[in-house]
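Accompanying notes for the structure given below.
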Amino acid sequence: MKYSQWSQDAARLLLATLRDEKGPVLMALQLMQKEFGYVNPECVPLIANYFNKSRADVHGVLTFYHDLRTTPPGEHQISICAAEACQAMGARALVTAVKAKFADEVIDSYCFGNCALGPAVMVDGKLIGRATLAKIEQARA
Amino acid sequence: MRVFVPGDSASISIGADEVATKIAQIDSSLTIVRNGSRGALWLETLVEVETANGRIAYGPVTAADVQSLFDADFLNGGAHPLACGKTDEIPWLASQERITFARVGIIDPLSLEEYDQHGGLVGLRNALKLTSEAIINEVTESGLRGRGGAGFPAGIKWKTVAQTTSDQKYICCNADEGDSGTFADRMLIEGDPFTLIEGMTIAGVAVGATEGIVYLRSEYPFAISILQKAIELAREFGWLGTSVLGSTYAFDIQIRVGAGSYVCGEETAMLESIEGKRGVVRAKPPLPAIEGLFGQPTIINNVLTLSTVPMVLAQGAPAYKARGVGRSLGTQVFQLGGNIARGGIVEKAFGVTLKELLETYGGGTYSQKPFRAVQIGGPLGAYFSTEQLDTSMDYESLIAAGGMLGHGGVVVFDDTVDLAVQAKFAMEFCAIESCGKCTPCRIGSTRGAETIDLIIKGVRVDENKKLLLDLCEVMTDGSLCAMGGLTPMPVKSAMVNFPSDFIGATK
């Protein structure tokens, strides 16, 4: 996935699009991650100042949500559903096999709503049903 | 000529896009409609051809099968090993009672024209002619209860919001469908998004709210984009905006995207999250209906609840409550998932038995090994054994059997499952997803996982089982919300219904 290079100026321009939103902090963090691939720690004071919140408020939100990350992502992101319906279809073994090969890329996730066609995996934003290691390798190629 | 290839993300996950591309390559004169899924996910990709005799289905089709379909003249309903006959006559579909899902899989999800042709907007148009009180009475009369899991009567919630005076009220749709084994909200939004928009608009008109918010999880990127397009189309059409279908009512909808937190499906944590804060549960009272989003009166309903409202207003409360049993009226959209041969959406009147769902519809396990356990109602729901197959699937019967309906998810496991491991996972999941507000949930979940681990390893088994049950009681009684309060349900049901998995290392 392609992301923009982090820059404070670009971030400020993006934050301006949320000026009229009610309760904008989470949206702001999500917007940063969408644009730059991660939330640069410099975003915390930036968002706090922009929306008149404390840095603690912004830091609190940033650290609460599993989706938000503070380091740049690798080239590929493999989210494997580790919840019950996929467990019933062998997700535990799949997680082990994929982690053995692509440890740095794997993100544990819970449920993509594809529970009748498990195990479910999302590779770089693309959902894969009846996932196998081979299908995952093919998708990230 | 029209060919239907589902554009639902489950279908795409097993190759529907490739099937559609291949069909277009072979015959570019065909109009390919990307409909929602009919819900028979085991038949996906289900390709349908529109003929003079109705729609003819073929499935499950892969891109590699497409050429042979053309060779068999599938455009004229030709014989082929994947032929399923007329879609409406496939027994798995024909025997269902589709009300909430009436249009899903049939229409083009983003065609307002088709929506209108298939009975869309009738409910809203009726509502616009009624008083607020009359709309709410109709919803109350229908017996419609919250489909998110709590089962609270929708009409009573609406009445509370209607009677609370405020300059600003909100309609919040909870589309944070985080329960494993549930996917009905996603399929409805992807397959018939206008129904949800219509239900929310009716709610807005009924209680005097002008703003609607859909809290939709980030794990559903495809549903987000379809719903966004549907909202924009509804605005262009003069449905959403300052004058709803030319009336004096104003109503508009905004999507707020979740950020991967399970507890944000709890209604008060969801409100915090929409306000841009940490998703920490609020204490009740005050009820959200009185002090909800940004402190204002707020209706919070699940996708399926709101999407059932248009039908109630279109056909009347008596038609809806004619189905069901006891205090569980109407239909429930059951979702069959996990290790099951024929998984998908089964919408039936309440009162269908678990056996019918698993055998008649589910067709046994996917692995073809014997079925052993079924978890009903998501990660906080109970594990049932083969001895409980006669349980009636309705709110009250499931509670009586030590479980709950939840959001209607049914997850099947074969005989390789170890219920002690599943019980430990329930505690681990709670530890990961707890918002941290209450001690029993925040710390109890970690201690619970450790204790179950000791039982699995055979360390002081009887003593640890007693300790675990005691911990479960503390979590049930001492947590603010269902996250900590219901995590003991899968744990205790596993211990009670599968005692042989909790005897330690000797098993």
Of the conditions (1) in contact with a helix residue (DSSP H, G or I) (Cβ under 9 Å, 6 or more places away or on another chain); (2) assigned by TED's automatic domain parsing to the domain that holds B:TYR215; (3) crowded, with 24+ Cβ neighbours inside 10 Å, the single one that B:GLN315 does not satisfy is (3)
In the stretch A:26-54, anything more than 20 Å from B:GLY260 (Cα to Cα), of a type in the set (D, E, K, R) and within 14 Å of chain B (Cβ to nearest Cβ) is listed as A:LYS53
With the first residue restricted to the stretch A:76-100 and required to be part of a strand (DSSP E or B), and the second required to be aliphatic (A, V, I, L, M) and buried (at least 17 other Cβ atoms within 10 Å of the Cβ), Cβ contacts under 6 Å at 6 or more apart or on different chains are A:ILE78/A:VAL106; A:ILE78/A:VAL123; A:SER79/A:MET122; A:ILE80/A:VAL95; A:ILE80/A:VAL121; A:CYS81/A:ALA120
Those residues of the stretch B:157-177 which are in contact with a helix residue (DSSP H, G or I) (Cβ under 8 Å, 6 or more places away or on another chain) and either buried (at least 24 other Cβ atoms within 10 Å of the Cβ) or assigned to a helix (DSSP H, G or I) (or both) amount to B:TRP158, B:LYS159, B:VAL161, B:ALA162, B:TYR170, B:ILE171, B:CYS172, B:CYS173, B:ASN174, B:ALA175, B:ASP176, B:GLU177
Selection from the stretch B:279-301 of residues within 13 Å of chain A (Cβ to nearest Cβ), surrounded by fewer than 24 Cβ atoms within 10 Å (Cβ to Cβ) and either touching a residue at least 12 places away in the same chain (Cβ under 8 Å) or not in a helix (DSSP H, G or I) (or both) yields B:VAL280, B:PHE294, B:GLN296
message = Please determine whether any residue of the stretch B:231-244 is of a type in the set (D, E, K, R) and in contact (Cβ under 8 Å) with a residue 40 or more places away in the chain.
response = no
Filtering the stretch B:243-260 down to residues that are touching a Leu at 6+ places or on another chain (Cβ under 7 Å) and at positive phi yields B:LEU245
Residues in the stretch A:102-121 that are crowded, with 24+ Cβ neighbours inside 10 Å and of a type in the set (A, V, I, L, M, F, W, C) total 7
Restricted to the stretch B:413-465 and to residues being surrounded by fewer than 19 Cβ atoms within 10 Å (Cβ to Cβ), part of a loop (DSSP other than H, G, I, E, B) and out of contact with any Lys or Arg (no Cβ under 8 Å at 6 or more places or on another chain), the residue farthest from the other protein chains (Cβ to nearest Cβ) is B:ARG460
Filtering the stretch A:126-141 down to residues that are at the interface with chain B (Cβ under 7 Å from one of its Cβ atoms) and among the basic types (Lys, Arg) yields A:ARG130
Flagged pairs (Cβ under 6 angstrom, 6 or more apart or on separate chains; first in the stretch A:56-69, under 15 Å from A:LYS34 (Cα atoms) and more than 7 Å from chain B (Cβ to nearest Cβ); second polar (S, T, N, Q) and in a loop (DSSP other than H, G, I, E, B)) are none
Scanning the stretch B:8-47 for residues that are within 21 Å of B:GLU114 (Cα to Cα) and part of a strand (DSSP E or B), the one nearest to the other protein chains (Cβ to nearest Cβ) turns out to be B:VAL47
In the set B:THR242, B:THR201, the lone residue that is out of contact with any helix residue (DSSP H, G or I) (no Cβ under 9 Å at 6 or more places or on another chain) and in the same structural domain as B:ALA269 (by TED's automatic domain parsing) is B:THR242
Among residues of the stretch A:101-125 being at pLDDT below 95 and in a strand (DSSP E or B), the residue farthest from the other protein chains (Cβ to nearest Cβ) is A:VAL106
Across the stretch A:60-73, the tally of residues that are loosely packed, with under 15 Cβ neighbours inside 10 Å and either in the same structural domain as A:LEU14 (by TED's automatic domain parsing) or not in a loop (DSSP other than H, G, I, E, B) (or both) stands at 1
message: With the structure loaded, tell me whether B:LEU304 is in contact (Cβ under 8 Å) with a residue 40 or more places away in the chain, assigned to a helix (DSSP H, G or I) and within 14 Å of chain A (Cβ to nearest Cβ) or whether it fails that test.
response: yes
Residues in the stretch B:24-44 that are in contact with a strand residue (DSSP E or B) (Cβ under 9 Å, 6 or more places away or on another chain) and crowded, with 24+ Cβ neighbours inside 10 Å total 8
All-but-one check, B:SER225 against (1) in contact (Cβ under 8 Å) with a residue 40 or more places away in the chain; (2) hydroxyl-bearing (Ser, Thr, Tyr); (3) within 14 Å of chain A (Cβ to nearest Cβ), failing number (1)
Note: among B:GLY409, B:GLY326, just one is touching a residue at least 60 places away in the same chain (Cβ under 8 Å), closer than 29 Å to B:GLY484 by Cα and of a type in the set (Gly, Ala, Ser), namely B:GLY409
Of (1) within 22 Å of B:LYS284 (Cβ to Cβ); (2) touching a Leu at 6+ places or on another chain (Cβ under 7 Å); (3) basic (Lys, Arg), B:ARG447 satisfies every one except (1)
B:ALA349 vs (1) within 25 Å of A:CYS111 (Cβ to Cβ); (2) away from every other protein chain (no Cβ under 14 Å): all pass except (1)
A careful count of residues in the stretch B:466-507 that are outside any helix (DSSP H, G or I), in contact with a Phe, Trp or Tyr (Cβ under 9 Å, 6 or more places away or on another chain) and under 30 Å from B:PRO285 (Cβ atoms) gives 1
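Okay, residues lined up against (1) away from chain A (no Cβ under 14 Å); (2) in contact with a Leu (Cβ under 7 Å, 6 or more places away or on another chain); (3) modelled with pLDDT of 95 or more:
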| position | (1), (2), (3) |
| --- | --- |
| B:PRO153 | yes, no, yes |
| B:ILE156 | yes, no, yes |
| B:LYS159 | yes, no, yes |
| B:ARG186 | no, no, yes |
| B:THR201 | yes, yes, yes |
| B:ALA206 | yes, no, yes |
| B:THR210 | no, no, yes |
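For every residue, the table says whether it meets (1) at the interface with chain A (Cβ under 10 Å from one of its Cβ atoms); (2) surrounded by fewer than 23 Cβ atoms within 10 Å (Cβ to Cβ).
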{"residue": "B:GLY330", "(1), (2)": "no, no"}
{"residue": "B:GLY344", "(1), (2)": "yes, no"}
{"residue": "B:LYS355", "(1), (2)": "no, yes"}
{"residue": "B:TYR361", "(1), (2)": "no, no"}
{"residue": "B:VAL374", "(1), (2)": "yes, no"}
{"residue": "B:GLY378", "(1), (2)": "yes, no"}
Selection over the stretch B:229-269 where residues are over 21 Å from B:PHE294 (Cβ atoms), surrounded by fewer than 22 Cβ atoms within 10 Å (Cβ to Cβ) and within 14 Å of chain A (Cβ to nearest Cβ) yields a count of 1
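The values are calculated or read from the model by the stated rules, or taken from the named source; none is laboratory data. Since this is a predicted model, take the numbers as computed values, not measurements. Counting neighbours? That spans all protein chains shown, and the Cβs are built from the backbone with ideal geometry, glycine included.
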